[in-house]
Amino acid sequence: MTQAAAMSKSEQAYRWIRENIVNGAYGAGYRLVLSDLAAQLSMSVVPVREAIRQLTAEGLVTFEHNVGARVARVDHLQYRDAMQVISVVESAATALAARHLTAADLSRARALNDTMRAGMAEIDPRSFSTLNQEFHRTLYLPCPNPRLLEIVETEWARLSSMRDSIFTIVPGRAPKSVDEHDNLIELIETAAPLDQIENAVRQHRANSLSAVLNRIQGT
């Protein structure tokens with residue numbers, strides 16, 4: 001096998017394992033057995049091992065002695081720290097993306113928000129969270145800075161195991177969240193100053209974080 005082919009398989013394994021972590025198929029603490037993963041991917045353990053090393057460097061996977069690789073667990077302090085990072089980088093990415101969003105992008109964002117509002121009483125927290133994430137991703141994905149996008153996506157992947165619990169822990173946050181989404185869409189549609197858009201996203205994330213931490217702390 002050539003080095004190029006080995007790198008290709010390593011990237012394939014990396015993307016596949018990462019996607020399973022992000023979508024919740026491999027939850028926090030899930031044991032990543034190299035031989036099992038290699039068999040599922042129809043490849044040797046060598047590229048899988050390289051993929052695990054990359055995911056470990058990103059903080060998505062941890063390695064425990066006598067146990068092996070596991071999907072990283074996130075405690076509430078780590079959640080707070082990661083959300084503070086996300087509030088900064090995602091708000092910047094959304095502001096940079098604002099002038100690149102098309103009418104179709106904004107229409108999709110509004111449709112997602114309308115779906116969240118209409119189904120608020122029936123949609124389970126995990127599905128609501130997925131729609132919420134799709135909404136925000138629609139708004140920040142056209143960001144022209146690939147490095148910033150990479151940081152945003154990596155931080156959200158790191159929190160994938162806790163993301164779905166936000167609207168379970170604080171169910172009352174959902175209606176306020178969709179109202180804040182409406183305000184954000186309006187700011188983008190009316191070509192508001194980029195710093196105003198950035199501040200709106202940052203405040204939106206800060207509101208969610210405060211709601212979660214207040215509930216956990218019982219205040």
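The values are calculated or read from the model by the stated rules, or taken from the named source; none is laboratory data. Treat the numbers as computed from the prediction; the structure is a model and nothing was measured. Heads up, the Cβs are rebuilt from the backbone with ideal geometry, glycines too, and the neighbour counts pull from every protein chain shown.
Given segment 159-219, what helices (runs of 4 or more DSSP H) lie entirely inside it while holding 1 or more residues that are within 16 Å of F135 (Cβ to Cβ) and either modelled with pLDDT of 95 or more or outside the structural domain of A103 (by TED's automatic domain parsing) (or both)?
173-189, 194-217
If I filter segment 16-37 down to residues being at pLDDT 90 or above and not acidic (D, E), which single residue comes out as surrounded by the most Cβ atoms within 10 Å (Cβ to Cβ)?
I17
List pairs: first in segment 85-99 and in the same structural domain as F135 (by TED's automatic domain parsing) and farther than 12 Å from L148 by Cα, second modelled with pLDDT of 95 or more and part of a helix (DSSP H, G or I), Cβ under 7 Å, 6+ apart or cross-chain?
Hits for this filter: S87/R202; A98/I188; A98/L194; A98/I197.
Name the residues in segment 100-118 that are under 21 Å from C143 (Cα atoms) and either surrounded by 14 or more Cβ atoms within 10 Å (Cβ to Cβ) or assigned by TED's automatic domain parsing to the domain that holds Y26 (or both), would you?
Within segment 100-118, L101, D105, L106, R108, A109, R110, L112, N113 qualify.
When only residues in segment 58-80 that are crowded, with 18+ Cβ neighbours inside 10 Å and closer than 18 Å to L209 by Cα count, which is modelled with the lowest pLDDT?
Residue satisfying both the conditions and the ranking: V74.
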